[in-house]
Amino acid sequence: MSHSRIYQFLSLAVVLTGCVETIVMDPGEDLPVMVNCILESGEMGPQTLWLQYVKGKSAPEFIPITEAEVYLEYSYSGVKRRIDFMYVEGCVWETDSLTLIVAGTDYNLTVIIPGREVITAQTSVPRHYSPSSSLNVKEGTIEWCLSDYNDEPSVPVWIFASKGKHQTDEPASGRYTQLVTDNPYADDFNISGQKFSDLEIEGKSDGEFLRQTWPAFKNMRRQYPDLPLHEGFIRIDHMDGKKFHLLAGPLKYKESFQDHFDFYFVPDDLDQYLRDVYVKDKGLDSDLTRIYSMENALSNINGGVGIFSGVFRDNRLFLVNY
């Protein structure tokens, strides 16, 4: 999972994009070890792990761990396999660029630091889920459906809306700040206090507009004026295979052609970790390592603190401007 993609999903977890200030829960001679690693399935590329000592309250700088043996183990087709992490810089470690994380597979993480007890963690990467969308011409709305192989309820999904670009040589322009859905399983912990009827389209029309999304936006807002707006993302407890509506804004008359929803399917441990942090810290842009100063902070690292988990990510375009 690339640095940029981790930042996009875990902008709430600044610790996963670099070395940041942390707080010792119980200061002593031996600083606790912090391990953070989120595996992304379905894409060939390096996986990233952050390894450092937890920073004391009076310490001026973080202490990266540069000497260790760090590896993943898993079984595939009955054969036990191993993937090694190599030190890169700061507190960043990476696997080989040919690493492929397999959905639906259990992974074991081992961290051996000279002079310290062996650190271990386990996780299971979620299976493949398939988002699909369709334009309902009769109603003028965009409907979404997320289904599993066996039509079983899915694991929790966190949904973000990413802005694309107008031209191929332009950079992406960030994220949409407001999302709205009529999915009955959407969590309300990050609703903004505003309603769908408050969400306007920005800019002025000069004859160009979103030929599919703009009519859908107007019709959805008219049909569901009281749906609450969610700030930054939507967390949905599970998907049941039924259709639901989903849009993001504020929209503009002339918008980019690569805007899309990022669907992150996460196992229960990561879901609980992210949800607890958001509820306790009241914001996704803050330093999540502060959670370790809170009582009963979730950590699934044996012999240390942090999180080891996996995600399955998929994305689908939702703005069509042609």
Cβ-derived FRET efficiency at R0 45 Å, Glu143 paired with Thr66, nearest 0.05: 0.35
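Order the peptides 35-41, 79-85 from the highest to the lowest mean number of other Cβ atoms within 10 Å of their residues.
My ranking of the peptides, most packed first, is 35-41, 79-85.
By how many nm would the segment from Glu200 to Asn219 grow when fully extended, if each residue of separation counts as 0.36 nm and the alpha-carbon distance is taken off? Present the calculation step by step, with values, prior to reporting the outcome.
Values: separation 19, 0.36 × 19 = 6.84 nm, distance 1.26 nm.
Separation in residues times 0.36 nm, less the Cα-Cα distance, equals 5.6 nm.
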Gained length - His128 relative to Val79, 0.36 nm times residue gap less alpha-carbon distance: 15.5 nm
Nitroxide proxy distance, nm - points 7 Å out along Cα→Cβ at Ser192 and Arg116: 4.1
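Any chance you could run the full-extension gain for Asp226 through Asn108? It's 0.36 nm times the residue separation minus the Cα-Cα distance, nm to one decimal. Please list the in-between numbers first.
Numbers: separation 118, 0.36 × 118 = 42.48 nm, distance 4.56 nm.
Answer, rounded to one decimal: 37.9 nm.
Read-outs: derived from the displayed coordinates by stated rules, not from any lab. Computed from a predicted model, the values in this text were never measured in an experiment. Heads up, the Cβs are rebuilt from the backbone with ideal geometry, glycines too, and the neighbour counts pull from every protein chain shown.
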